[in-house]
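The values are calculated or read from the model by the stated rules, or taken from the named source; none is laboratory data. This is a predicted model, so every value here is computed, not measured. Ideal geometry is used to build each Cβ from the backbone, glycine not excepted, and the neighbour counts take in all protein chains shown.
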Amino acid sequence: MSDDDVALQRLIFEGFGALEIGEFERALRAARELREMEHVAAFEIEARARWGLEDHEQAIQVLEEGVEIAPEVYVLWDYLASYLSDEGRYEEALQAYYRSRSCEDAPEGAVDFNIAVIYQRQGRHERALALIDTIPPTDALPLIVLDGARCFSLNEVGKNADAMTRAAAILNQIGEDDDVDPEAVARIMSEHAYALLILGIHEAAYLEAIEAVEFDKANSRAAWLIREISDERSPDAKAWRIVVEGKWPQPFNDSEKDYGFFANYTVVADSADEALEYVRPFEPEEVRFTLKINSAVDLEPQPEAQKGVYEAVAAYYFFPLDGEDE
């Protein structure tokens, strides 16, 4: 391998590695050097870094430039379509996904699934259902993921009994030892709980929504269900941005050192202490008693809003403890 090849591989590794740990400025530096070497990885790395820095328009422009220069690279079309969709530019996103189908490495089922997701965002649920029904399950796109999306659209078009039946069938097939994606399980659970709520079975819906956030605390459908069923309001309620701190239940990588963690939430509550109580069910049972407030910012009054968790950031920040009992 030549020196230039070694340098190229180093930059690619550095750029993608920086993205993984959120060091977006470092990723941008690697992308600039890759541009000078005329390597197409520069476009993906730069776009993802700019998106991470909240420069969404520039991220899209970088990808638009990338697909002009390298139209055969599927991943550039995929990120372009995804970012356009997240910005609400649905028709442009659909065109990008349609165009991506011509790439040799385009995973057809995944492209169609992403198109169905855009239909859902547009409220075109019957069309989404028709497309999902044509997608065969694969290892990369298992039935539980397809059925999570299917149940969502069934619920949205008022076919709640159908959604409940299909979701229950999938959940009954999951064994305790099965290796399944927790986010996919939470999605199915939240749609089953939603159907239960609409059908008037409130207590079971609440319990299943609580179980769903134990699998995926960032599941917004389950968080909404918990708030909706509890329906707690107060003239003194405020929105809070709260960072909670806790002790993780086991060491990492065979280390004997204990680790703490920070987790971020947006909560409506009367006080920061009350916000912490709303947060507890969203964290693993074995860490709930260790939770405490690290910081809390009072954002604005919310006297009409339902109290509870509105956003739970999935990512954790871990740090080694000094040995004291937290």
Next on the checklist: Can you tell me how many residues within the range 116-148 are more than 19 Å from E191 (Cα to Cα), of a type in the set (S, T, Y) and buried (at least 16 other Cβ atoms within 10 Å of the Cβ)?
Outcome noted: 0
Checklist entry - Of all strands (runs of 3 or more DSSP E) completely enclosed by the range 274-326, which ones contain at least 1 residues that are within 25 Å of the chain's Cα centre (by Cα), under 23 Å from L225 (Cα atoms) and at pLDDT 95 or above? => result 308-312
Next on the checklist: I144 - would you say it is in the same structural domain as L63 (by TED's automatic domain parsing), free of Cβ contacts under 8 Å to residues at least 40 places away in the same chain and on the phi < 0 side of the Ramachandran plot?
Outcome noted: no
Checklist outcome for this item: When the range 148-182 is checked residue by residue, the ones that are at pLDDT 95 or above and acidic (D, E) are E156, D162
Checklist entry - So G246 clears everything in (1) free of Cβ contacts under 8 Å to residues at least 40 places away in the same chain; (2) assigned to a strand (DSSP E or B) except one condition, right? Which one? => result (1)
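Which residue is nearest to V75 (Cα to Cα), if the candidates are limited to the range 13-39 and must be hydrophobic (A, V, I, L, M, F, W, C), surrounded by fewer than 16 Cβ atoms within 10 Å (Cβ to Cβ) and touching a residue at least 12 places away in the same chain (Cβ under 8 Å)?
F16
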